[in-house]
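Novice: Got a structure here, written out as structure tokens. Questions coming.
The values are calculated or read from the model by the stated rules, or taken from the named source; none is laboratory data. Everything quoted here is computed from the prediction, not taken from an experiment. With ideal geometry, Cβ positions are generated from the backbone for all residues, glycine too; neighbour counts draw on all protein chains shown.
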Amino acid sequence: YEAMMHLFSSKREEHVRIAEGADNILEAMFMVLSRIMQEAPLHTRLTTNLQKFYPEVFRRVKEQGVEQNYRGLRKLIEEGIAQGFFVDWMDIDLTIAIFCGAARSLKGSDDKIAIPQGMSEVKVFRQIVTTLFRGIGTDKGRELIDCYAGHYLNNESE
């Protein structure tokens, strides 16, 4: 358990370092999401094996990770609102629930979404991210979302 928590803590610290080079919170979010997409296959194998061979450790890691991810995403959205990139009238908790639900349904969930034939999970994740961010974006935010999505998410190998 401690080894897994250390690994995930190290990943969060790495994401903070990656984001330090951003011009604004939106760019930071896309920079980190790009890295997460690169690491997704490894993360999936790791968590699948953890769940299969160490279900109690998986449960504990997942519970703590969900809480930490929720707090982190909330902070990023609040900062995006403060910087004028996201609308201030949204229900942040509902937005996070929608985003997390979509991400969970993509990977290893009992209620997995049906991916159109020939479309990779990476491409689906890109679509989820850009659609959600555009939906909560201000005019100023949507312009940058389109720019950053094209730059950070569309150049990844599938």
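Novice: Determine which single condition G118 fails, assuming it passes every other condition in (1) exposed (fewer than 12 other Cβ atoms within 10 Å of the Cβ); (2) assigned to a helix (DSSP H, G or I).
Specialist: With (1) exposed (fewer than 12 other Cβ atoms within 10 Å of the Cβ); (2) assigned to a helix (DSSP H, G or I) applied to G118, the lone miss is (2).
Novice: Tell me, please, whether a residue that is over 29 Å from G150 (Cα atoms) and surrounded by fewer than 15 Cβ atoms within 10 Å (Cβ to Cβ) can be found in the stretch 16-32.
Specialist: No; the residues of the stretch 16-32 include none that is over 29 Å from G150 (Cα atoms) and surrounded by fewer than 15 Cβ atoms within 10 Å (Cβ to Cβ).
Novice: On to the next question. Just checking, how many residues over the stretch 52-111 are exposed (fewer than 12 other Cβ atoms within 10 Å of the Cβ), under 24 Å from S9 (Cβ atoms) and acidic (D, E)?
Specialist: Adding up the residues that qualify gives 3.
Novice: Does M4 count as outside any loop (DSSP other than H, G, I, E, B), surrounded by 14 or more Cβ atoms within 10 Å (Cβ to Cβ), under 17 Å from the mean Cα position of the chain (by Cα) and of a type outside the set (F, W, Y)?
Specialist: no
Novice: Another question, then. I'd like to know if the stretch 50-60 contains one or more residues that are on the phi > 0 side of the Ramachandran plot and not charged (D, E, K, R).
Specialist: Scanning the stretch 50-60, I find no residue that is on the phi > 0 side of the Ramachandran plot and not charged (D, E, K, R), so the answer is no.
Novice: Moving on. Between a first residue in the stretch 117-140 that is at pLDDT 90 or above and a second residue that is of a type in the set (V, I, T) and not in a helix (DSSP H, G or I), which pairs have beta carbons less than 6 Å apart while being 6 or more apart in sequence or on different chains?
Specialist: Matching pairs, first to second residue: I136/V87; T138/V87.
Novice: Any idea which of A28, A22 is of a type in the set (A, V, I, L, M, F, W, C), within 26 Å of G141 (Cα to Cα) and not in a helix (DSSP H, G or I)?
Specialist: None of the other options fit; the residue is A22.
Novice: Evaluate the following for D88: is it at pLDDT below 75, out of contact with any His (no Cβ under 9 Å at 6 or more places or on another chain) and not in a helix (DSSP H, G or I)?
Specialist: In short, no.
Novice: Can you tell me which residues in the stretch 57-81 are touching a residue at least 40 places away in the same chain (Cβ under 8 Å) and farther than 18 Å from R134 by Cα?
Specialist: Residues satisfying the conditions are V57, R60, V61, Q64, G65, Q68, G72.
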